[in-house]
Amino acid sequence: MKKTALPLAALALFVTAGAAQAQSNVTLYGRLDAGISNTSNAGPSKGSATQVSSGGMNTSRWGILGSEDLGGGLKAVFNLEGGILVDTGAADGALFKRQANVGLEGAFGRVVMGRSFTTVYDFVLPYDPMAYAPFYSWATSANATGPSKYGMTTAFDNLVKYSGKTGGFTYGASYGFGEQSTGTSDSAKLSTAVNYKTGPLSVLATYERINGNTIAGGARDKNTVVHLAAMYEEGPWKLQAAARDYKLDLAAANRPDVRGTMYWGGASYKVSPVITVTGVVYYQDVKNVAANLDADPIMYVARLRYALSKRTDLYLAGAYAKAKHGQLVSLSRDDAGFGDTQRGLIAGVQHRF
């Protein structure tokens, strides 16, 4: 009896572990994206620069996500995600700066806590023809050279985030706790969105509010961002258009408020099951600045994407940006400009796992 008890106990443990494993799901995933780019007016000398760049169509990243079936339609969920600089092999920021959250999902929707992309970021993404491509999209923010990037906040720390769906409506909200001893409103962040889809047409409205901390006199900085967008998909065509109104109300005296409205519109056409052509125009209307200092930058973008497989794409993208009144402009939403025009070209490969 003793000789059979141990193997039977081991078998029971194996079966139990297997059953528990069957109720859980953990996935390792990522995107590796690199290309060779050439950019004009790339420095103070105004010369061109050619380089290997990480993240042409999408930011390179890796992550782990998972879920556990808790029964009754309820699941525990988690997500950890970090950025990668493929050109150097370095981490793009902190280890899990892109995502680090845990929560529950059920018939009520999904709730997570930790760090995550905002609700506005998630909902606007499908309405950008370039899908937030580092080369080249201003859908999250305009170029960084001016006094403001006039953009949305892409992610919150200390967040509680909800998403749900009812019929043709999807909706969500994110709240980032300010965690200040001066009051719950100081440094608090709110991001909300609602999307409606009917047949080939989708429409979107979003609202974002970012608070600063209270200063002497009881006032605080207030940043509000509103989006309105529409998308139409029919056959091989996808048409997208959006507008973003940006307002930064500054509490300090003698500091002008920052105002700007971004517009973009574009189209994608599936030439064949493996070839997609995309074109888009981004225009930033800069407001509330001194005369002849409004850059009002505009960027024209075209991209050809060729799918080698379900996981691997080749792409070729080109862009041209210009600004008014001799102001500086950059194709990049992150890098400063060194001239009132800039053109760029990138050819690259992306693999998803």
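The values are calculated or read from the model by the stated rules, or taken from the named source; none is laboratory data. In this text the structure is predicted, and so the values were computed from the model without any measurement. In this analysis, Cβ positions are derived from the backbone assuming ideal geometry, glycine residues included, and neighbour counts consider all displayed protein chains. Heads up: the accessible areas ignore ligands, DNA and RNA and are worked out on the full protein's heavy atoms, side chains in. Shrake-Rupley method; radii C 1.70, N 1.55, O 1.52, S 1.80 Å.
Got a sec? Charge dipole of the chain, +1 on Cβ for Lys and Arg, -1 for Asp and Glu; which of A219, Y315, N158 is way out at the positive end? In the chain, that residue is Y315. Accessible area of S53 (1.4 Å probe, protein heavy atoms only, ligands and nucleic acids ignored): about 10 Å². Nonpolar atom fraction for the stretch 285-330, defined as the carbon and sulfur part of the 1.4 Å probe accessible area, stands at 58 percent.
Leaving out ligands and nucleic acids, note down the accessible area per residue over the chain with a 1.4 angstrom probe, in whole Å². Before the final figure, lay out each step's value.
Working: 17760 Å² over 353 residues.
For the chain, the per-residue accessible area is 50 Å².
Note on H325: accessible area approximately 90 square angstrom, rounded to 10, probe 1.4 Å, nucleic acids and ligands left out.
Between T166 and R255, the modelled labels are 4.0 nm apart [label points 7 Å from Cα along Cα→Cβ]. The string of couplings for the stretch 320-336 from the Karplus curve (6.51, -1.76, 1.60, θ = phi - 60°) is 9, 10, 8, 10, 8, 6, x, 6, 7, 9, 9, 5, 7, 7, 10, 9, 5 Hz, one whole number per residue in order, with x for Gly and Pro. Here the accessible area is traced with a 1.4 Å probe on the protein chains. For the stretch 17-124, carbon and sulfur cover 61 percent of it. Please list, ordered by chain and number, the residues whose modelled amide H lies under 5 Å from the amide H of A155; skip anything fewer than 5 residues away on the same chain. When sequence neighbours closer than 5 places are left aside, the close amide H contacts are T118. Comparing M113, M299, M152 in a Gaussian network model of the chain, where Cα atoms under 10 Å apart are tied by springs, the biggest mean-square fluctuation is seen for M113. Estimated at the nearest 10 Å², the accessible area of R259 is 60 Å² with a 1.4 Å probe.
Pairs K161/K322; K75/K238; K270/K324; K197/K310; K97/K165: which are spaced more than 29 Å apart, C-alpha to C-alpha? Those over the limit are K161/K322; K75/K238; K270/K324. Based on the Kirkwood approach, the hydrodynamic radius assigned to the chain is 22.6 Å, with every pair of different Cα atoms included.
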